[in-house]
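Some notes on the structure that comes next.
The values are calculated or read from the model by the stated rules, or taken from the named source; none is laboratory data. A quick note: this is a predicted structure, and the numbers were derived from the prediction, not measured. Don't worry about glycine lacking a Cβ; one is built from the backbone with ideal geometry, like all the others, and counts go over all protein chains shown.
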Amino acid sequence: MKPLIKKELPNNFSLPRRISRLSSLAYNLWWAWNPDALNVFRTINKRVWDDVGHNPVAFLRKVERSQLNAVANNPYYLELYDRVIQQFDAYMADESTWFAREYPGLTESAIAYFSFEFGLHESLPVYAGGLGVLAGDHLKEASDLGLPLSGVGFIYNQGYFTQRITEDGWQETGTHYLTFEDAPIVPLYGEDDQPVTISIDLPGRNVFARVWAVQVGRITLYLLDTNLPANSDADKQLTARLYSNDLEVRISQEIMLGMGGVRALRRLGIEPTVWHMNEGHSAFLALERILELVHSGSSYEDAAAIVKRTNVFTTHTPVPAGNDQFPLWLIDKYFPNVWAELNMTRDQFVDLGRQTTPWGESFCMPVLALHLSERANGVSELHGQVSRRMWNFMWPNKRPDDVPITHITNGVHTFSWLARRMGVLFDEYLGADWKDRLDDPALWLSVNNIPDRELWAVRRHLKRKLFLYVDNRARAAWQSGTIHPIQALADGVFLEPYSLTIGFARRFATYKRANLILRDYERLIQLVTNPDMPVQIIFAGKAHPADEPGKLLIQQVYRAVKDSRSGGRLVFLEDYDMNMARFLVQGVDIWMNNPRRPNEASGTSGMKAALNGVLNLSVMDGWWREGFNGKNGWAIGEDAESVDPNQQDETDSHSLYDHLENEIIPLYYKERTPDDIPAKWLAIVKENIRTLVPQFSTRRMVKEYLQEMYLPCLTDEKKTV
Ligand SMILES: *Cc1c(COP(=O)(O)O)cnc(C)c1O
């Protein structure tokens with residue numbers, strides 16, 4: 001029997017009766033991918049909306065009652081409100097979702113999706129970067145398609161660090177504390193009116209975690225939180241931050257996520273048939289599931305075989321050193337009880353995750369996940385190949401091509417990243433049902449019906465919006481009285497909206513080569529300062545606090561930004577997050593991505609850019625190798641492996657400059673119609689939308705996960721039941 005779980009929206013604000021449903025809207029992130037729903041909040045008071053970082057819960061707590069009363073009596077507002085509430089209710093009540101129509105026999109099944117981070121919206125900062133944003137987009141799409149899926153992760157009360165750049169270009173980090181009352185999270189209570197909690201065993205103690213729920217459309221995301229009186233001060237901090245460098249914290253977190261996550265779902269009465277590990281951090285979930293079966297009488301072998309059939313693992317890391325792993329002394333400290341309960345020797349247990357490196361042996365989480373998952377995938381075609389080679393040692397009798405790791409190329413949740421105005425164009429020219437046929441390439445042929453003039457008007461509008469955003473931030477920084485004038489310059493006060501603008505925003509990991517375009521500095525300065533055809537570049541991104549080379553990279557870029565010779569046309573925006581990402585991928589003209597091939601497993605920001613009509617200039621790595629067709633953007637370098645990184649940097653940088661000088665810049669400035677429209681440019685923009693939007697949407701991606709990874713588990717189970 002299902003346990004009784006009480007899930008009541010916190011009684012956080014008092015609302016006029018006429019608009020009291022704002023509360024249910026605020027506690028469901030559905031609003032975050034529906035621009036009209038967002039406007040239901042924003043139009044009440046735009047300044048407060050910006051002040052609270054676009055967080056509806058915080059907004060409703062802060063906005064003045066008189067303003068709520070005013071809109072509750074404003075017929076225009078009420079028209080919007082009623083329409084949105086009606087759409088929301090219809091969405092939530094819809095019983096004929098795509099999944100329900102296609103798989104009517106499977107609607108009662110359950111899929112669990114575990115991830116260390118979830119990037120759903122900037123107002124819930126429990127993500128660091130691409131991995132989290134992918135997980136967030138996966139949940140949103142699962143909601144749209146109607147998949148019976150639940151997410152499991154952590155509510156980090158300190159989120160990921162915030163970034164400031166000092167005058168000499170050094171990254172400083174800060175902490176943003178999450179105010180729980182302001183977050184769109186709902187506490188869960190049991191029958192006894194006590195918070196739903198679970199516990200795990202760590203050396204010498206039990207550690208407790210409370211379970212919170214976040215509603216993402218129809219999907220519930222369960223977030224664990226160890227900040228409880230029953231825990232020691234150190235354990236309270238366990239779920240405080242992402243990606244700790246302290247390996248003991250890290251392994252404890254991963255035990256909590258994997259083993260604690262399984263216990264949380266059980267406690268809630270959720271019985272998943274499919275267990276999806278998004279990256280190896282959650283792989284201990286497989287151990288917990290095996291323990292459950294062993295405790296009820298199975299042998300280890302039988303239990304492992306059963307568990308394996310219903311585990312799905314997605315790997316994201318193409319570099320061996322980048323994979324999550326623990327020294328064996330930590331395994332000795334944390335797992336003796338587990339291998340004893342499983343009737344295993346230490347050696348047999350270590351075998352589950354054993355990786356031998358030149359520095360010795362470690363316990364590697366992806367190895368554990370691969371050992372205990374029947375189905376595993378990389379996140380692009382090339383990354384699939386790279387992964388099969390990288391993990392070949394686990395299948396010594398197989399050739400690399402036969403290693404059982406497939407690929408499902410990443411996508412982005414279209415509605416979360418599409419500018420509202422671009423969506424209006426699609427509404428008008430693609431037909432009313434475009435949102436239901438998102439992954440149908442035939443639909444997108446109609447992009448050619450969009451008049452150039454209208455498309456260009458939207459592109460220019462989005463660019464002005466970006467520049468307004470940049471200006472406002474720079475002004476606020478300046479008015480804070482804490483920055484040097486040169487930093488205001490670096491913040492972008494000299495940008496101007498009619499110049500060709502390139503965006504480069506991502507984590508500052510060295511393989512992403514943020515400094516590639518600085519390689520021939522004189523050539524760059526020429527490009528940037530050409531009086532007839534100037535180019536601007538906006539950089540943004542954080543380096544992991546422990547990544548010294550990454551921080552040096554920021555400093556190197558910042559030095560160029562501050563150089564008077566670049567005329568303020570190189571810019572570095574501090575504190576990259578999903579909000580800034582949205583402005584950038586919608587507002588620039590060119591999205592540049594030049595990682596060292598094949599280290600970019602997929603990359604997703606370029607997909608976000610593409611669907612807004614921003615053109616990609618990117619290395620033939622990850623998704624772009626599959627997306628580029630010779631006429632929908634530009635490819636840097638060759639689709640080939642390079643042995644010498646220095647040589648690769650040299651060739652790629654030449655290719656980068658050549659494309660800019662010979663093709664991109666002239667096309668943007670010179671090929672204009674008499675009414676100043678860059679017709680050839682827009683032809684590429686349309687080709688880019690036509691080919692890339694359907695292919696790199698999570699609509700296609702989640703359907704592939706369902707068909708290739710989830711369904712075999714779901715139908716397998718049906719047969720045995
Ligand atoms: C999309 C996104 C990423 C991932 O971008 P990549 O191109 O994969 O590096 C990282 N951070 C934020 C905030 C994003 O929105």
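Odds and ends about this structure:
- If you check Gly630, Gly587, Gly606 for being free of Cβ contacts under 8 Å to residues at least 24 places away in the same chain and more than 13 Å from the ligand (Cβ to nearest atom), only one passes: Gly630.
- All conditions in (1) surrounded by fewer than 22 Cβ atoms within 10 Å (Cβ to Cβ); (2) within 16 Å of the ligand (Cβ to nearest atom); (3) part of a loop (DSSP other than H, G, I, E, B) hold for Gln163, with the sole exception of (3).
- Scan of the stretch 559-576 for residues that are surrounded by fewer than 23 Cβ atoms within 10 Å (Cβ to Cβ) and within 16 Å of the ligand (Cβ to nearest atom), ordered by number: Glu574, Asp575, Tyr576
- Scope the stretch 316-359; condition closer than 16 Å to Gly280 by Cα, out of contact with any Asp or Glu (no Cβ under 7 Å at 6 or more places or on another chain) and assigned to a loop (DSSP other than H, G, I, E, B); matching residues: Thr317, Pro318, Val319, Asn323, Asp324, Leu352, Gly353
- Boolean, Phe508 is outside any helix (DSSP H, G or I), within 20 Å of Gly174 (Cα to Cα) and within 16 Å of the ligand (Cβ to nearest atom): yes
- When the stretch 443-477 is filtered for residues that are hydroxyl-bearing (Ser, Thr, Tyr) and closer than 23 Å to Ala432 by Cβ, only Ser446 remains.
- Residue, farthest from the ligand (Cβ to nearest atom), within the stretch 514-545, restricted to residues that are among the basic types (Lys, Arg) and touching a helix residue (DSSP H, G or I) at 6+ places or on another chain (Cβ under 7 Å): Arg523
- Selection status of Pro531, under 26 Å from Leu660 (Cα atoms) and free of Cβ contacts under 8 Å to residues at least 40 places away in the same chain: yes
- Test: residue in the stretch 142-154 that is more than 18 Å from Trp98 (Cβ to Cβ) and within 16 Å of the ligand (Cβ to nearest atom): no
- Qualifying residue in the stretch 99-121 (condition: touching a strand residue (DSSP E or B) at 6+ places or on another chain (Cβ under 8 Å) and assigned to a helix (DSSP H, G or I)): no
- Among the conditions (1) within 16 Å of the ligand (Cβ to nearest atom); (2) in contact with a Pro (Cβ under 7 Å, 6 or more places away or on another chain); (3) hydroxyl-bearing (Ser, Thr, Tyr), Ser416 misses just one, which is (2).
- Test: Phe504 is under 29 Å from the mean Cα position of the chain (by Cα), crowded, with 22+ Cβ neighbours inside 10 Å and under 22 Å from Met620 (Cα atoms): yes
- From Val338, Val379, Val403, residue being in contact (Cβ under 8 Å) with a residue 60 or more places away in the chain, under 25 Å from Asp324 (Cβ atoms) and either in the same structural domain as Asp639 (by TED's automatic domain parsing) or of a type outside the set (Gly, Ala, Ser) (or both): Val379
- Pairing each residue of the stretch 491-512 that is under 22 Å from Gly606 (Cβ atoms) with any residue that is among the acidic types (Asp, Glu), provided the two are 6+ apart or on different chains, yields C-beta distances under 6 Å for Leu500/Asp589; Thr501/Asp589.
- Within the stretch 662-672, if we keep just the residues that are free of Cβ contacts under 8 Å to residues at least 24 places away in the same chain and not basic (Lys, Arg), the residue that is nearest to Met533 (Cα to Cα) turns out to be Leu667.
- Of all the numbered requirements in (1) outside any helix (DSSP H, G or I); (2) modelled with pLDDT of 95 or more, Ile517 misses one, and that requirement is (1).
- If you go through the stretch 546-556 and keep only what is more than 16 Å from the ligand (Cβ to nearest atom) and within 27 Å of Leu134 (Cα to Cα), you end up with Ala546, Glu548, Pro549, Lys551.
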